[in-house]
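Here the structure comes first, spelled out in structure tokens, and everything after it is commentary.
Computed from the coordinates by the stated procedures, all read-outs in this text should not be read as laboratory data. Worth saying up front: this structure is predicted, and the values here are computed from it rather than measured. Here the Cβ positions follow ideal geometry from the backbone for every residue, glycine too, while neighbour counts run over all protein chains shown.
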Amino acid sequence: MPVTESIQFADRVNRIVVSPAMAVAAEAEKLRQRGVDVADFSLGEPDFPTPEHIKQAAISAIQQNYTKYTAAAGIAPLRQAIVEWHRAHLGSNYEPSECVVTTGGKHALFHTISCLISRGDEVLIPAPYWVSFPDMVKYAGGTPVLVPTVAEEHFQLRAAEVHRAITERTRLLILNSPCNPTGAVIPQKEYEEILGVCLRRGIWLLADECYSHFVYEPEKPYSIASVRDSKPYIIVAGSCSKTFSMTGWRMGYALAPAPLAAAMMKVQSQSVSNPTSIAQHAALGAMRGPMDTVGVMLAEYARRRKRMLEGLRAIAGVRCTEPQGAFYLFPDFTARVADRGAVDTTALARTLLERAHVAAVPGEAFGAPGYIRFSYATSMERIEEGLRRLERFFAAAGAAA
């Protein structure tokens, strides 16, 4: 037996899987390497370039030799800029000592869970959920407890459902609003009622604000951290990836009570030492620079959302709610799963990729069998091509049936 087949991995590794969205993207890339044209709706990555002033901030940092280690929690000017930006745009009131710069928003989430969750702790996660939430909890030894939401209520979590799901072992609630994969936005009043439940029951609330600025009218950017006296009970995980089209820069942040922020910094100091110095200076340029590119992106996403929604709803048997934020559609394909011999949406998505060369992520990855996630963070040209392929694929499947 080869040595690699006899390796005994730690339980924490065996409890998790490769990100399903990344797995679909990898399969799509294999097809592209063979010369196949793929209409790719898999990854949630803005197709807009990083704004010029942010790139210039990074270039300037290199030229000024800002290429050394930094403080584990990030450079002081960036931490100051983050809390000022969050205060100006989202109404919070944090201090730099309550801010940790991280290597992407995902790292802020990972640090939070690593610092708060022990074996046996329960973490409430609304479903459909972002693919990494349950695995992060499992990695830490905790137990994910899913709280279902439904399309008929626009996938919005209700405070009453949170209350019913809490047990004596519940330690944390993770909220992602706007939501990946559904695009759901929790109404401000409901969000505050959820916070109230958490306060009364003594559990933390982790607010993933990755898509905070991608909300469609009449919604507005909102942070639960703007609620008076909420700061001791919540953690905010933020990111430059979507707002500033900086996915590859891996820049995020956590805002939390100072003792928890210090614990996150300790974990970071023993894992990555510090986020990349050059990327931190790019993020500093983002936080202190203009926000006009956000409006441009949001207007284009709204246009794409409208077209994708029309196209998917035109497929017989497919139902799709209108997302209120982010850049995803999450249609229900339950009525079409049996087409072409598929047994679930994982098989259907695989067939779509292999035969129609359309890449999308099956709902099983998000705890929602029967659904498929489509990202419209791609050009209108690719959207039109992808919709044509979907129309042909399902029309042929209907004729065959």
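Checking the structure you have, find out if any residue of the stretch 347-354 is surrounded by 23 or more Cβ atoms within 10 Å (Cβ to Cβ), touching a residue at least 60 places away in the same chain (Cβ under 8 Å) and under 23 Å from Asp208 (Cα atoms). Explain how you work it out, then say what you get.
Taking the stretch 347-354 first, the residues surrounded by 23 or more Cβ atoms within 10 Å (Cβ to Cβ) are 348-349, 352.
Filter once more, so that each one left must be touching a residue at least 60 places away in the same chain (Cβ under 8 Å): 349.
Of the ones still in play, those that are also under 23 Å from Asp208 (Cα atoms) are none.
Among the residues of the stretch 347-354, not one is surrounded by 23 or more Cβ atoms within 10 Å (Cβ to Cβ), touching a residue at least 60 places away in the same chain (Cβ under 8 Å) and under 23 Å from Asp208 (Cα atoms), which makes the answer no.
Is there a residue in the stretch 14-30 that is out of contact with any Leu (no Cβ under 9 Å at 6 or more places or on another chain), part of a loop (DSSP other than H, G, I, E, B), among the hydroxyl-bearing types (Ser, Thr, Tyr) and farther than 21 Å from Ala282 by Cα? Yes, the stretch 14-30 contains at least one residue that is out of contact with any Leu (no Cβ under 9 Å at 6 or more places or on another chain), part of a loop (DSSP other than H, G, I, E, B), among the hydroxyl-bearing types (Ser, Thr, Tyr) and farther than 21 Å from Ala282 by Cα.
State which residue is surrounded by the most Cβ atoms within 10 Å (Cβ to Cβ) when the search covers only the stretch 14-35 and only residues that are farther than 15 Å from Arg350 by Cα and in contact (Cβ under 8 Å) with a residue 60 or more places away in the chain. Across the stretch 14-35, the extreme among qualifying residues is Ser19.
Is it the case that some residue within the stretch 157-175 is in contact with a Ser or Thr (Cβ under 7 Å, 6 or more places away or on another chain) and surrounded by 16 or more Cβ atoms within 10 Å (Cβ to Cβ)? Within the stretch 157-175, one or more residues are in contact with a Ser or Thr (Cβ under 7 Å, 6 or more places away or on another chain) and surrounded by 16 or more Cβ atoms within 10 Å (Cβ to Cβ). Among the residues of the stretch 370-381, is any within 30 Å of His53 (Cβ to Cβ), more than 21 Å from the chain's Cα centre (by Cα) and not basic (Lys, Arg)? Yes - at least one qualifying residue is present in the stretch 370-381. Comparison of Tyr222, Tyr253, Tyr211, Tyr191 shows that the only residue that is among the hydroxyl-bearing types (Ser, Thr, Tyr), assigned to a strand (DSSP E or B) and touching a residue at least 12 places away in the same chain (Cβ under 8 Å) is Tyr253. Checking Phe48, Phe9, Phe110 one by one, the residue that is over 22 Å from the mean Cα position of the chain (by Cα) and of a type outside the set (A, V, I, L, M) is Phe9 and no other. The set of residues in the stretch 149-163 being closer than 21 Å to Asp121 by Cβ, within 21 Å of the chain's Cα centre (by Cα) and not β-branched (Val, Ile, Thr) consists of Leu157 alone.
Working only within the stretch 122-178, note down all residues that are part of a loop (DSSP other than H, G, I, E, B) and closer than 16 Å to Lys106 by Cα.
Scanning the stretch 122-178 gives Tyr129, Trp130, Val131, Ala140, Ser177, Pro178.
Screening Gln270 against (1) free of Cβ contacts under 8 Å to residues at least 40 places away in the same chain; (2) closer than 20 Å to Tyr94 by Cα leaves a single unmet condition, (2).
Going by what's in this entry, would Tyr129 be described as under 16 Å from the mean Cα position of the chain (by Cα) and surrounded by fewer than 24 Cβ atoms within 10 Å (Cβ to Cβ)?
On the way: under 16 Å from the mean Cα position of the chain (by Cα): yes; surrounded by fewer than 24 Cβ atoms within 10 Å (Cβ to Cβ): yes.
When the stated conditions are applied, Tyr129 passes them.
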